[in-house]
Amino acid sequence: MPWRGLRLIKKKNMKYEQITPTYRDDLIAEALYGREIEYFHYDFDRINFEHILKDLPECDYRTLIEKRHFDTVGAMAQVEKTAEALRAQITDPEAHAAAIVRTTEKRKNHVPAK
């Protein structure tokens, strides 16, 4: 993996002329919502794998399920770290709460394609 040896490069500060704080707040809220959905699905799978493993005898299928369980728990940890990084970017809790309201309302009004 070529990126492993790279050091973090100090970023230049671009001046945002069109991106508003509200847009940023909404983006963070949506990203956190996405991580919640992602975590929910991994947790759903984790519970299923644990249920399967409870009574499964030693066999190739058990080995496969154990690996999938292990990978799922690892993915859940990655999602938690990403959510933590997103939460660290919240600068105003009240603005974030308002962003959650706005983005939730947008999702309510979304009509799926047929």
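Quick grid of which residues meet (1) more than 30 Å from Ala99 (Cβ to Cβ); (2) modelled with pLDDT of 95 or more; (3) open to solvent by 70 Å² or more (accessible area, probe 1.4 Å):
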| site | (1), (2), (3) |
| --- | --- |
| Leu8 | no, no, yes |
| Tyr16 | no, no, yes |
| Tyr23 | no, yes, yes |
| Leu27 | no, yes, yes |
| Gly34 | no, yes, no |
| Asp45 | no, yes, no |
| Lys67 | yes, yes, yes |
| Met76 | no, yes, no |
Residues in segment 38-63 that are under 21 Å from Thr82 (Cβ atoms) and of a type in the set (D, E, K, R) total 4
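Looking at the structure I just gave you, is Arg62 more than 15 Å from Arg35 (Cβ to Cβ), surrounded by 12 or more Cβ atoms within 10 Å (Cβ to Cβ) and out of contact with any His (no Cβ under 7 Å at 6 or more places or on another chain)?
Values: more than 15 Å from Arg35 (Cβ to Cβ): yes; surrounded by 12 or more Cβ atoms within 10 Å (Cβ to Cβ): yes; out of contact with any His (no Cβ under 7 Å at 6 or more places or on another chain): yes.
Considered against the rule, which asks whether it is more than 15 Å from Arg35 (Cβ to Cβ), surrounded by 12 or more Cβ atoms within 10 Å (Cβ to Cβ) and out of contact with any His (no Cβ under 7 Å at 6 or more places or on another chain), Arg62 comes out as yes.
Scan segment 37-76 for residues that are of a type in the set (Asp, Glu) and in contact with a Ser or Thr (Cβ under 9 Å, 6 or more places away or on another chain) and jot them down.
Glu38, Asp43, Asp45
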Would you check which residues across segment 72-90 are touching a residue at least 24 places away in the same chain (Cβ under 8 Å) and either part of a helix (DSSP H, G or I) or closer than 18 Å to Phe40 by Cα (or both) and list them?
Thr72, Val73, Ala75, Met76, Val79, Glu80, Thr82, Ala83, Leu86, Arg87
Any chance Arg4 is of a type in the set (Lys, Arg) and either open to solvent by less than 100 Å² (accessible area, probe 1.4 Å) or modelled with pLDDT of 95 or more (or both):
no
Residue tally, condition assigned to a loop (DSSP other than H, G, I, E, B) and either open to solvent by less than 50 Å² (accessible area, probe 1.4 Å) or touching an Asp or Glu at 6+ places or on another chain (Cβ under 8 Å) (or both), over segment 91-102:
1
Any pair with Cβ under 7 angstrom, 6 or more apart, that starts in segment 56-71 at a residue that is closer than 12 Å to Asp45 by Cα and assigned to a helix (DSSP H, G or I) and ends at one that is of a type in the set (D, E, K, R) and at pLDDT 95 or above
His69/Arg46; His69/Glu50
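Determine, yes or no, whether Arg46 is touching a residue at least 40 places away in the same chain (Cβ under 8 Å) and basic (Lys, Arg). Break it down into steps so the answer makes sense when it comes.
Working: touching a residue at least 40 places away in the same chain (Cβ under 8 Å): no; basic (Lys, Arg): yes.
When the stated conditions are applied, Arg46 does not pass them.
The values are calculated or read from the model by the stated rules, or taken from the named source; none is laboratory data. Just so it is clear, the model here is predicted, and its values are computed rather than measured. We place every Cβ from the backbone using ideal geometry, glycine too, and count neighbours over all the protein chains shown. The area values use the complete protein model at the heavy-atom level, side chains included, leaving out ligands, DNA and RNA. Shrake-Rupley method; radii C 1.70, N 1.55, O 1.52, S 1.80 Å.
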